[in-house]
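Participant: One structure follows; several queries about it will come next.
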Amino acid sequence: MKGPTPPIEWAENHIRIIDQTLLPTELQIIEVRTAASAVAAINRLAIRGAPALGAFGALALVVGLDESAPSNLQEAIQRLEELRTFVGDARPTAANLRWAVDRVIDHAVSSSKTLEDLRSALLREAHKVAEEDAAACQEIGRLGHELLRSATTIGTHCNAGRLATAGTGTALAPMYAKAEAGESLRVLASETRPLLQGARLTAWELADAGIDVTVLPDAAMASQVLSGQVDAYIVGADRIAANGDTANKVGTVSHALAAREADIPFYVAAPTSTIDLAVPSGDHIDIEQRDECEVHEIQGKRVTPEGVNATNPAFDVTPAHLITAIITEVGVLHAPFQKSIADAVVQAGTAR
Ligand code: MRU
């Protein structure tokens, strides 16, 4: 049986991705054959979601290396050093992007003696990043499913599903597991202004899987939560600091505050590759600022008066004390997060 179209695919010498800016109206595949077009796709959110950016960025290194046609190993290594920042820093908040780029370059360079070795090692390690992410999603789905067994109506924000990872998703993986187990499930997806990842992407992929999904304006979620109509929240993460403070799509913190007020669980689901131990707390996380026009316009049509200002932070930080637990592939982490996170990273490093 044919499954859903994969959001990222390697096709011998180029990358094929779903252009997520066009969903749900159009399911269009684009081919990425240069480093510049890979970075452009990242910047305009044709490909997005922290773990998917890691998997894509890793493959973009191969495309970027081939494009420069180096004549020897030294030239190739020099090219990879350019790509490390050009691709790796294309979006600053999503930890997995630079993490995957560093991992793949460092592994390939340290294990290769010839140009041919280097290219094969890059591609092999890039595939490994994606395979490990798919396995992490599977385990997050299993662990999240156990935590959410008694929850029927579950809130989520942005898109942390199969479009955002190399597998079934982080926050959405437990939803797929619940649906597969035949449990009753209704997902409330907040629309996620300004780029509508909830309304366009979460709604599209869950509906495609036959899961009951209702889209709400971002501003409507808190009253649903406070009136007792939501059993639990689960969201993804772009970067998790050493103390558990979590950057995710802007608006996440307001959902966490509502959840705390209503005394319902607020779960963060993410692979350990999203954890950044070099960042001690949320106020050290670099929050990507995007173009004002995304706020001024809705799907290309200006909605604000000419001459007014707009500000467009792509992410916000949910303080650790508002998070019930962080669901990773190596286990469910609880407070004190400083310790549980440090232990999880060690465990994941050993498993890798
Ligand atoms: O700007 P985006 O669409 O890349 O933001 C994505 C999110 O905030 C996701 O929740 C996060 O990357 C986790 S994806 C599994």
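Participant: Does Pro217 qualify as being away from the ligand (no atom under 15 Å from the Cβ) and surrounded by fewer than 24 Cβ atoms within 10 Å (Cβ to Cβ)?
Facilitator: Values: away from the ligand (no atom under 15 Å from the Cβ): yes; surrounded by fewer than 24 Cβ atoms within 10 Å (Cβ to Cβ): yes.
Yes.
Participant: Picking from Gly251, Gly244, Gly228, which residue would you name as being away from the ligand (no atom under 14 Å from the Cβ), among the small types (Gly, Ala, Ser) and touching a residue at least 40 places away in the same chain (Cβ under 8 Å)?
Facilitator: Details: Gly251 fails: away from the ligand (no atom under 14 Å from the Cβ); Gly228 fails: touching a residue at least 40 places away in the same chain (Cβ under 8 Å).
Answer to the selection: Gly244.
Participant: Do we have any residue at all in the range 255-272 that's surrounded by fewer than 21 Cβ atoms within 10 Å (Cβ to Cβ), within 13 Å of the ligand (Cβ to nearest atom), within 26 Å of Ala136 (Cβ to Cβ) and not hydroxyl-bearing (Ser, Thr, Tyr)?
Facilitator: No, the range 255-272 contains no residue that is surrounded by fewer than 21 Cβ atoms within 10 Å (Cβ to Cβ), within 13 Å of the ligand (Cβ to nearest atom), within 26 Å of Ala136 (Cβ to Cβ) and not hydroxyl-bearing (Ser, Thr, Tyr).
Participant: Moving on to the next point. Give me the pairs: first residue in the range 70-88 and more than 20 Å from Ala100 (Cβ to Cβ), second residue at pLDDT 95 or above and of a type outside the set (A, V, I, L, M), beta-carbon distance under 7 Å, and six or more apart or on different chains, which are they?
Facilitator: Hits for this filter: Pro70/Arg79; Leu73/Thr114.
Participant: Exactly one condition in (1) of a type in the set (D, E, K, R); (2) assigned to a loop (DSSP other than H, G, I, E, B); (3) open to solvent by less than 40 Å² (accessible area, probe 1.4 Å) is false for Glu294; which is it?
Facilitator: Condition (2) is where Glu294 drops out.
Participant: Given the structure, is Ala166 open to solvent by 10 Å² or more (accessible area, probe 1.4 Å), within 13 Å of the ligand (Cβ to nearest atom), outside any helix (DSSP H, G or I) and of a type in the set (Gly, Ala, Ser)? Break it down into steps so the answer makes sense when it comes.
Facilitator: On the way: open to solvent by 10 Å² or more (accessible area, probe 1.4 Å): yes; within 13 Å of the ligand (Cβ to nearest atom): yes; outside any helix (DSSP H, G or I): yes; of a type in the set (Gly, Ala, Ser): yes.
Yes; evaluated as a whole, the condition is true for this residue.
Participant: Name the residue that is most open to solvent (accessible area, probe 1.4 Å), counting only residues in the range 128-156 that are among the polar types (S, T, N, Q) and part of a loop (DSSP other than H, G, I, E, B). Spell out how you get there, then give the answer.
Facilitator: To start, the set of residues in the range 128-156 that are among the polar types (S, T, N, Q) comprises 138, 150, 152-153, 156.
Add one more test, that the residue is part of a loop (DSSP other than H, G, I, E, B), and what stays is 150, 152.
Details: Ser150: 110, Thr152: 55 Å².
Among them, the one singled out is Ser150.
Participant: Checking Arg33 against (1) within 19 Å of Leu83 (Cβ to Cβ); (2) of a type in the set (D, E, K, R); (3) buried (at least 22 other Cβ atoms within 10 Å of the Cβ), only one condition comes out false. Which one?
Facilitator: (3)
The values are calculated or read from the model by the stated rules, or taken from the named source; none is laboratory data. Just so we're clear, the structure is a prediction, and the values are computed from it rather than from any experiment. Cβ atoms come from the backbone with ideal geometry, glycine included; neighbour counts cover every protein chain shown. Heads up: the accessible areas ignore ligands, DNA and RNA and are worked out on the full protein's heavy atoms, side chains in. Shrake-Rupley method; radii C 1.70, N 1.55, O 1.52, S 1.80 Å.
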